[in-house]
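Working notes, beginning with the structure itself.
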Amino acid sequence: MSLERLALAVLLPGRPGTVLDGPWATLLEEGLGGLCLFAANMPCSTLVGSIREVAPGAVVAVDEEGGDVTRLHAATGSPVLGHAALGVVDDVGVTRGAAAAIAASLVDVGVNLNLAPVADVNSNLANPVIGVRSFGADPALVARHVAAYVEGLQGGGVSACAKHFPGHGDTHEDSHLALPRVEISAEQLRARELVPFAAAVEAGVDAVMTSHIVIPALDERPATLSSVVLGLLRSELGFDGLVVSDALDMAGASAQVGIPASAVLALAAGCDLLCLGASNDVELVRAVQTAIVTAVRDGSLEESRLIDASERVDALPGRTPVTAGAASNAEAPILVEGEVPDLSDAVVARFSSEPSIAVGPVPWGLPGVEAASLRPDGPVVVLQVRDLHLHAEAQALVEKLLPDVVLVEYGWPAPLSVHVPRICSFGASLPSRDAVSAYLRSKGCRT
């Protein structure tokens, strides 16, 4: 293949819309690795059908984790429990079935790479981007559910991609917006962060996604751009599959050097398929292509590395389902803390906080009045929140409403600074929402 075609073969951009227009069709005809789908591409059947007509072997990827992160069901919410809820249930058969159900929905629309499961151990309560996307805070628990998810997804006919290597769980910043640093030793990394990724490799995962974080004990470069960090994945964990970069339009990867330069650095470090972001244009794809070709010609990127990366993309299995999509209607876990009073006269309210970029504007919770309209000394308030511990304004509101408030926490249930009854759902999937609704009705609330 020409350098120009090789450079396109390792790129996975995203673009809005549900129709494949001429310039994008041309990129695919010229060898573009594939496209990553987002909520702005839904419904996607026409788009994916057009991609397959032009480039039958292209990668069509999506973030369909279940729970809070869903693209196929961005308008309604996921019908599948999210990772944290599955971790609370702690039945690997249920997790395997949930992943198989997701696989069935992806096979139905033509997706062949799911950027899941999340293999991060959510060890930092201040984490603004992982939270309920993680199976939990215990490495062994996360590891067994990551392995089960990989088995369910790939048995259902879709390649899995464990993320975000070497572990985004101990950060207090979002790598979409900054470059987080994880101040742990190499020994701590091996004892906690790497455990679920080792389980994913052992389970035969097809792909692993990198993270844009710095672990100073290993390297001062972001993991995506670090041959040292990615060398751990290849040499220590023995992974021989596809290494996918997290989106290079994120600040953690490209804020200092720009997307084309970060693409070259990611390839040189060991990434194979470069996710560019959600809203790329043809001009950006061409700029990245040119940067890669130029880097090979000037010697800053070895041609053999580019060839190796393109071959790994091409080798992504075209999986055939060997298991039927399992039912995803496992009972959603609910944890009730404290004594919930009679809620016959309660007002249901919502504190509407901005979701992380990874989650996006997906529906969550039950209908209710906005929290800004609430006043103390009224009826009992059922206040729905997501990650209360991350929002000082919501915490202040709870203190103002005491003692006549009951919390419904759809995010990570961090310890409370005040004594208040709390209902924890471990995510905002449709089954979790329905479980919350059923519990509230059992206490007399009109939901």
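The values are calculated or read from the model by the stated rules, or taken from the named source; none is laboratory data. Nothing here was measured: the structure is a model prediction, and the numbers come from that model. Backbone-built Cβ (ideal geometry, glycine too); neighbour counts: all protein chains shown.
Some points to look at:
- For the range 208-219, filtering for residues that are out of contact with any Asp or Glu (no Cβ under 8 Å at 6 or more places or on another chain) and closer than 16 Å to Ala251 by Cα leaves 1.
- Among the residues listed as Ser352, Ser442, Ser437, the single one being modelled with pLDDT under 95, among the polar types (S, T, N, Q) and surrounded by fewer than 22 Cβ atoms within 10 Å (Cβ to Cβ): Ser352
- Considering the conditions (1) among the hydroxyl-bearing types (Ser, Thr, Tyr); (2) over 30 Å from Gly155 (Cβ atoms); (3) not in a helix (DSSP H, G or I), Thr294 is excluded by exactly one of them, (3).
- Among residues of the range 404-429 that are among the aromatic types (Phe, Trp, Tyr), those with a beta-carbon under 6 Å from a residue that is surrounded by fewer than 23 Cβ atoms within 10 Å (Cβ to Cβ) and outside any loop (DSSP other than H, G, I, E, B) at least six positions away or on a different chain give the pairs Phe426/Val88.
- The set of residues in the range 378-403 being among the acidic types (Asp, Glu) and exposed (fewer than 15 other Cβ atoms within 10 Å of the Cβ) consists of Glu393, Glu399.
- Condition met for Glu370 (within 30 Å of Ala178 (Cβ to Cβ), at pLDDT below 95 and of a type in the set (D, E, K, R)): yes
- Residue match in the range 176-192 (condition: within 13 Å of Val208 (Cβ to Cβ), out of contact with any Pro (no Cβ under 8 Å at 6 or more places or on another chain) and of a type outside the set (S, T, N, Q)): no
- Output for the range 106-133, where each listed residue is over 15 Å from Ser159 (Cβ atoms), surrounded by 24 or more Cβ atoms within 10 Å (Cβ to Cβ), out of contact with any Gly (no Cβ under 6 Å at 6 or more places or on another chain) and not hydrophobic (A, V, I, L, M, F, W, C): Asn127, Arg133
- Residues that are among the basic types (Lys, Arg) and either touching a Phe, Trp or Tyr at 6+ places or on another chain (Cβ under 9 Å) or without any contact (Cβ under 8 Å) to a residue 24 or more places away in the chain (or both), drawn from the range 430-445: Arg433, Arg441
- Any hit, the range 53-75, residues being free of Cβ contacts under 8 Å to residues at least 40 places away in the same chain and more than 23 Å from Pro321 (Cα to Cα): yes
- Verdict on Leu265 being assigned to a helix (DSSP H, G or I), in the same structural domain as Thr26 (by TED's automatic domain parsing) and buried (at least 20 other Cβ atoms within 10 Å of the Cβ): yes
Each row is one residue, and each column tells you yes or no for (1) modelled with pLDDT of 95 or more; (2) of a type in the set (Val, Ile, Thr); (3) closer than 12 Å to Pro196 by Cα.
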{"position": "Val118", "(1), (2), (3)": "yes, yes, yes"}
{"position": "Phe135", "(1), (2), (3)": "yes, no, yes"}
{"position": "Ala148", "(1), (2), (3)": "yes, no, yes"}
{"position": "Leu153", "(1), (2), (3)": "yes, no, no"}
{"position": "Val158", "(1), (2), (3)": "yes, yes, no"}
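- Leading residue by the ranking (surrounded by the most Cβ atoms within 10 Å (Cβ to Cβ)) among those in the range 404-424 that are of a type outside the set (A, V, I, L, M, F, W, C) and touching a Pro at 6+ places or on another chain (Cβ under 8 Å): Arg422
- Helices (runs of 4 or more DSSP H) enclosed by the range 16-133 - at least 1 residues per element that are touching a Phe, Trp or Tyr at 6+ places or on another chain (Cβ under 6 Å) and not assigned by TED's automatic domain parsing to the domain that holds Ala358: 83-89, 92-109
- Leading residue by the ranking (farthest from the chain's Cα centre (by Cα)) among those in the range 290-347 that are modelled with pLDDT of 95 or more and among the hydroxyl-bearing types (Ser, Thr, Tyr): Ser344
- Among the residues making up the range 84-117, a single one is under 24 Å from Val60 (Cα atoms) and of a type in the set (Asp, Glu): Asp108.
- Looking at Gly365, Gly378, just one residue is part of a loop (DSSP other than H, G, I, E, B) and either out of contact with any helix residue (DSSP H, G or I) (no Cβ under 7 Å at 6 or more places or on another chain) or in the same structural domain as His176 (by TED's automatic domain parsing) (or both), and that residue is Gly378.
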